[in-house]
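Report on one structure; see the data block that follows.
The values are calculated or read from the model by the stated rules, or taken from the named source; none is laboratory data. Nothing here was measured: the structure is a model prediction, and the numbers come from that model. Cβ atoms come from the backbone with ideal geometry, glycine included; neighbour counts cover every protein chain shown.
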Amino acid sequence: MVPSMQDDSISMPEPGAPKVSDLCVTALYRFTPIEDCGAVHGPLEELCRTEGVKGTLLLASEGINGTIAGTRDAIGRVLDHIRGISGCADLDVKFSPAATIPFHRMKVRIKREIVTMGETGIDPLSSVGTYVAPHDWNALISDPDTIVIDTRNDYEVAIGSFAGSIDPRTATFRDFPAWFRGRREQLLGHGKAPKVAMYCTGGIRCEKSTAFLKEQGVDEVFHLKGGILKYLETVPEEESLWQGECFVFDRRVAVGHGLKPGTHELCPACRRPVNAEAAASPHYEAGVSCPRCYHERTDEQRAGYRERHRQEALAAAQGRDHIGARLLGKTGA
């Protein structure tokens, strides 16, 4: 079964249109209690491997999260299987076209959280912010009574964000609660509290961050439904308030309006995005270092990265994947 066309899928080409790739990248998540992750893990991983699907899926007692890629038919069968898991019928799914599969292998992992915040008692199923559709987002964030917070990591924000949004400059999502607690008074003031609008790549981090703010007693909390990816897919570029590109957790590195491939590449040493200016730095070496991580690594480490890069290039020339190739493997959308 191919992914349902009413489920935010890739639109089918018009008759006579140029043939497009049959591959797609699929980001998915669902907060729902999973009592036995071990029982879910085996059959799910086996199906993905049988179907030739690659990527990473995370399972936890709070639900499922991940990004996978493969043919549309294969992705459809995997999604059918996941929707058959108790509580996953309303799985949140976003599709992007792909020329190639941007992952080297398939991993299904069991974790404590499907997106790590490190806070106890946060339950997006019982308390979460108000969803705002992409076509209504501009009006909300343009309201002077609204503060807009980007819940992503600093390296993601550095390559693109919504105009006027607040950058917490967090290294990981786990840092967000402490950042908010430390700046709550500055953000909300003492009079009538402003509306708080938050966004992330695909929506999952905002499920938790808005639930966290609700738990902290903030009433008017909103978040972008489907995240930046859905906004870039559906809002025309001429109407968009997005500036720059959106970092994604796979070998595409970043996408722009219409989910077209971006201009950044990935530094394998630190997994941060690298733009043309950074690539021109004397501290940049393809496959080895970038200006942000050059002084964070030793000469010995760089020598190891250099050898790995040589082996990867050799494998690519021979038409095979290098088994030691390093990929993002994160699902922090």
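P144 fulfils the conditions (1) in a loop (DSSP other than H, G, I, E, B); (2) within 19 Å of L224 (Cα to Cα); (3) in the same structural domain as G70 (by TED's automatic domain parsing) except for a single criterion, (3).
Table: residues versus (1) part of a loop (DSSP other than H, G, I, E, B); (2) more than 18 Å from A133 (Cβ to Cβ); (3) aliphatic (A, V, I, L, M); (4) touching a residue at least 24 places away in the same chain (Cβ under 8 Å).
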| position | (1), (2), (3), (4) |
| --- | --- |
| K208 | no, yes, no, yes |
| H223 | no, no, no, yes |
| Y231 | no, no, no, yes |
| T263 | yes, yes, no, no |
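Would you please name the residue that is farthest from D154 (Cα to Cα), looking only at residues in the stretch 242-262 that are among the β-branched types (V, I, T) and either at pLDDT 95 or above or touching a Pro at 6+ places or on another chain (Cβ under 7 Å) (or both)? Ranking the candidates gives V255 first. The set of residues in the stretch 63-75 that are touching a residue at least 60 places away in the same chain (Cβ under 8 Å) and either outside any helix (DSSP H, G or I) or surrounded by fewer than 19 Cβ atoms within 10 Å (Cβ to Cβ) (or both) comprises N65, G66, T67, A69, D73.
For the stretch 92-106, state whether one or more residues are modelled with pLDDT of 95 or more and either charged (D, E, K, R) or part of a loop (DSSP other than H, G, I, E, B) (or both). No, that holds for no residue.
Looking for whichever is under 27 Å from V255 (Cβ atoms), in a loop (DSSP other than H, G, I, E, B) and either in contact (Cβ under 8 Å) with a residue 40 or more places away in the chain or assigned by TED's automatic domain parsing to the domain that holds R272 (or both) here; the options are T201, T170. Which one fits?
It is T201.
Determine if the stretch 119-132 includes at least one residue that is in a loop (DSSP other than H, G, I, E, B) and aromatic (F, W, Y). No, there is no match, as no residue in the stretch 119-132 is in a loop (DSSP other than H, G, I, E, B) and aromatic (F, W, Y).
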